Amino acid sequence: MSLAVVLAGLVWLGVTAYALLAGADFGGGIWDLLAGRTERGRPARGLIEHAIGPVWEANHVWLIFVLVVLWTCFPSGFAAIASTLWLPLTLIAFGVIARGSAFAFRKAVTELWQQRLFGAVFAFSSLVTPFFLGACAGAVATGRVPPGLARGGVVGSWAHPAALLSGVFAVVACAYLATVYLTWDAVRAGEPRLAEGFRRRALATGVLAGVLAAAGLVVLRADGRLLYDGLTGRGLPLVALSAAAGVASLGLLAVRRYVAARITAATAVAAVLWGWALAQYPHLLNPGLTIEAAAAPGATLRATAISLAVGAALLIPSLIFLYAMFQRAPRAAAGPPSGG
Amino acid sequence: MTLTPVQLAADIANPIAPRTQMGLSLGWHIIIACLGVGLPGLVVFVEWRGIRTGDKVLLLLARRWARALGVLFAVGAVSGTILSFEMGVLWSGLMAGWGQLIGLPFAMEGFAFFIEAIFLGIYLYGWDRLPPRTHLLTGLPIIVAGVASAFFVVCANAWMNSPSGFRITHGRLVGVDPWAAMFNRATGPETVHMIVAAFMVTGFTVASVYAAAMLRGRRDRYHRVGMAVPLVMGCALAPVQIVVGDWAARYVASDQPAKLAAMEALFHGGRGVPETLFGYASGGRVHGAVRIPNGLSLLTHFDPNAYVPGLDRVPPALRPPVNITHLAFDSMVTIGFGLLGLGLWLALAWWRRRAVPAGRWFLAAVSISGVAAVAAMEAGWITTEVGRQPWIVYEVMLVARAVNPAPGLSAGVWALSGVYAVLTVAVIYVLRRLARRPLPVAPQEADVAAEAVI
Ligand code: HDD
Ligand code: HEM
Ligand code: HEM
């Protein structure tokens, strides 16, 4: 395997981490939106805030990681994606701004109307941002982003059934991950009633995600044939794994095995991502640009690989420290929505 | 959304909208980023002194500054994310051609952010879970990572000023060396100047908040210490910054003569040229300026008769805008000397009376020093960026060639201006609330309830 492929794999690992960690943080925001009126929703909102607070910024950095490694190692691929998809990407950037700052501001203000205002901005942007992220993913996956600068349609590249469905699927997947994570957080926080509520929502969203995934394959057959062929060809084992893990997570939720449900739910989402990657390998942009063709010169790849190795050596212990500290928190309800 | 071909062509030929958008978002981000670089050091310092001496005022200051840091970091992270998107969305031509060279420091910066975000989470949320000494130690990686991220990102900017680490033979890019690109000739002066600027901005802005409160009669020890500690930091760096700024100017003089000529509004080069202070350039002349004979030759080459090239050496189409660059540069230098003066005032008073002055004039000066330091920093960036025009990569790539050719892009600047206007109001409002209302805690804030009670 060439260094370029290894680095592309690391980018994809970053995408996976972002989906599983930050995705759940987005999902937390969606449940914040759906938690009900101020009084009724307070316990659920409190739990969500506790779970997201210490970790969302670290989780968010995975997105930055993906962007910078992509533009260093695969500059032409990055430029093609960013130039064609400038509109949804700009909307994502606005969503990120609104969400992060509103979350931080909500904690810093005391009056109810202010908390409501910032809370609403936070929750709404948590819904919109993953939608556009999913739509961008759908645009790339269905081959609507040609190589070169701004060769795809400003709107047409992502406003078609497959990409829009991908956006909806991203929202539902985020919501699903969040409920599964939060159910266990609620149990540990000694909030059995909250846990039951999240468990019911988890079961419902899990079923919805499954239905959407099945519908997605039908839509892809018509609107994203290239990807469909890949997913039902080389990607099939992972698609099957995703389906199996998804069904298993529902079963585990039904029998209240929450930790195992977390692992299977995360597996279901990760397998979709890797199935997609496998389906379009060796292309970075299907069908026009391969990973090798998009790769920067060897010197750049080597320098990046060295930096990533040094960075990982610093990063991994720090991440473990962070998650460990908030997982075995002395006070109730302080677990992060991280996997495991 | 689709534009006519005519509009499209206009968009490409004059990328004024994306340039404005980039300048606006960078100029916004950099203020927050300066505090993100400088504030952790200040917080950890007062926490350390507080633990050592048991002084409650210091510990309380540490808690309050840490809270502001939490908000600022979140806003810094999201405004920085916008920038990362913009590098591709607006400047896809730059990234497609040069990402392989400019990318490495950005990738390293990504890790610095990671470390910063992780330890900030630990530091802010672990205050009551960790023993004091451990907690203090978890603050150190935040400081190191903040300074490192400033270093890395400015390396990328330095490369745009001094592109290196490649050759172009027969129109093809060969010999790509990302390390040489990262450590280019501008890296030294630019990164040091920026990091010192970040600490100055932090010192003077924090001090100015307390000075303003003292002017309104809140002269308790909390406010006096809250002003003195950051002020000493800012003032101590002011003379350092002038030396570093001189280094930066020498680099510009040797490597970017067109930028120097614009900074000095020097239309006609020659021997023994004067230093031109302020004034307004039009029609190839500068009106109303103060001139110091032979000043520029002396400053750049330590020789009153040295030759300094002027704008006449640069084809008109490749000249940077003179007035903006010149006035921005002169404003930065003026403020730099003003802040030095404030530092001398403080030093003199300390030497004579062993006390930080508390008179109205001094407090008034300190309370505007924060805005002044920010203005100097922004002016410095305007000098650097506008003085590089029309190049995005100096003498290698024109801005017009770097811009994303997609239609409709110019809508972004309007949307972004709106977003930043709202965000600015919200940040100022929330920070003022934090300054005024630090002790009572919101009901939902159970996690920091213990933190706020000292
Ligand atoms: C607190 C902020 C501050 C202060 C007091 C000064 N500067 Fe500065 N200056 C900056 C903050 C700054 C900056 C924002 O950090 C810049 C922009 C790019 C950079 O590397 O630093 C900058 C750029 C910059 C440049 C352009 C470098 C380039 O284009 O590569 C020069 C020549 C100077 N400065 C020189 C000076 C001098 C002679 C000063 C003496 C008083 C001075 N600066 C004070
Ligand atoms: C260190 C990282 C920075 C990088 C990589 C960077 C990069 C860029 C790029 C790519 C452009 C657009 C192309 C051009 O107009 O030349 C630009 C323009 C600009 N930047 Fe920077 N910049 C940095 C820091 C800053 C900061 C901190 C400011 C703060 C004020 C700033 C102010 C501007 C302005 C005003 C413009 C517009 C210049 C013009 O169009 O005349 N930059 N920068
Ligand atoms: C083109 C230029 C720039 C880009 C693309 C950029 C990108 C970013 C990104 C993505 C983040 C968020 C990281 C996170 O999620 O935690 C960030 C934050 C930050 N940036 Fe920038 N940045 C730029 C310019 C600068 C400059 C010129 C500085 C110089 C001092 C700087 C210093 C910081 C710091 C210290 C943070 C941490 C957040 C904080 O402490 O407030 N950035 N930047």
Treating the beta-carbon of each Lys and Arg as +1 and of each Asp and Glu as -1, no other charges, what is the dipole magnitude of chain B about its Cα centre, to the nearest 20 debye? 1440
Need one number: nm distance between label points at B:Arg360 and B:Tyr307, each 7 Å from Cα along Cα→Cβ, rounded to one decimal. 5.8
How far is helix B:411-436 tilted, in degrees, relative to the longest principal axis of the Cα atoms in chain B, given as a value from 0 to 90 rounded to the nearest 10? 20
Quick one: order B:Ser149, B:Ser297 by neighbouring beta-carbon count within 10 Å, fewest to most. B:Ser297, B:Ser149
How tilted is helix B:187-215 with respect to the longest principal axis of chain B? Cα atoms for both, answer in degrees (0 to 90, nearest 10). 40
Can you put A:Met325, B:Met200 in order of Cβ neighbours within 10 angstrom, beginning with the fewest? A:Met325, B:Met200
In the stretch B:139-224, which trypsin sites (Lys or Arg not before Pro) are in a loop and have at most 11 other Cβ atoms within 10 Å, using DSSP for the loop call? B:Arg216
What is the list of residues in the stretch B:283-301 whose amide nitrogen lies under 16 Å from a point 7 angstrom out from the Cα of B:Arg271, following Cα to Cβ? B:294-298, B:301
Relative exposure of A:Glu49, A:Glu196, B:Glu275, judged by other C-beta atoms within 10 Å (fewest first): A:Glu196, B:Glu275, A:Glu49
Cβ charges +1 (Lys, Arg) and -1 (Asp, Glu), total dipole of the stretch B:138-291, debye: 340
Hey, got the average number of other protein chain Cβ atoms within 10 angstrom for residues in A:289-301? 3
Membrane-span-like helices (DSSP H runs, Cα span along own axis at least 24 Å, mean Kyte-Doolittle at least 1.0) in chain A -> A:56-73, A:86-108, A:112-141, A:161-188, A:236-254, A:258-280, A:298-327
How many angstrom lie between the Cα centre of the stretch A:236-299 and the Cα centre of the stretch B:273-297? 64
Could you calculate the contour length gain from A:Leu112 to A:Val310, that is, 0.36 nm times the residue separation minus the distance between their Cα atoms, to one decimal place in nm? 66.7 nm
Let me spell out the model: positive unit charges on the Cβ of Lys and Arg, negative unit charges on the Cβ of Asp and Glu, origin at the Cα centre of chain A. What dipole size does that give, in debye rounded to 20? 660
To the nearest Å, what is the center-to-center distance of the stretch B:189-229 and the stretch B:44-123, using C-alpha atoms only? 19
What are the residues whose amide H is under 5 Å from the amide H of A:Leu289, where those residues sit 5 or more places off or on another chain and H is modelled from the backbone? A:Leu284
Applying 1/(1 + (r/R0)^6) with R0 = 56 Å to the Cβ-Cβ distance of B:Ile292 and A:Ala324, what FRET efficiency is obtained, to the nearest 0.05? 0.35
Simple SL model, points at 7 angstrom along Cα→Cβ for A:Glu196 and B:Leu318; separation in nm is 7.7
Students often get this wrong: which residues of the stretch B:352-374 have the backbone nitrogen under 15 Å from the point 7 angstrom along Cα-to-C-beta of B:Arg219? B:355-364
In whole percent, what relative contact order does chain A give with Cα contacts below 8 Å and a gap of six or more residues? 25
Normalised contact order of chain B, rounded percent, pairs of Cα under 8 Å and 6 or more residues apart: 20
With DSSP loop assignment and no more than 16 other C-beta atoms within 10 Å, the trypsin sites (Lys or Arg not before Pro) in the stretch A:1-95 are A:Arg37
Using only Cα atoms, tell me the angle between helix B:16-53 and the longest principal axis of chain B; keep it within 0 to 90° and round to the nearest 10. 30
What ratio of Cα Rg to 2.2 N^0.38 Å holds for the protein assembly as shown? 0.98
Only Cα pairs within less than 10 Å get springs; with that Gaussian network setup on chain A, which residue of A:Ala195, A:Ala214, A:Ala135 has the largest fluctuation? A:Ala214
Skipping prolines and chain starts, which residues have an amide H placed within reach, meaning under 5 Å, of the one on B:Trp391, given they are 5 or more residues away or on another chain? B:Val399
Peptide-level mean, for A:88-98, of C-beta atoms on other protein chains within 10 Å: 6
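Read-outs throughout are calculated quantities, based only on the coordinates presented, and are distinct from any laboratory measurement. Remember, predicted model here, so these are calculated numbers, not experimental data. Ideal geometry is used to build each Cβ from the backbone, glycine not excepted, and the neighbour counts take in all protein chains shown.
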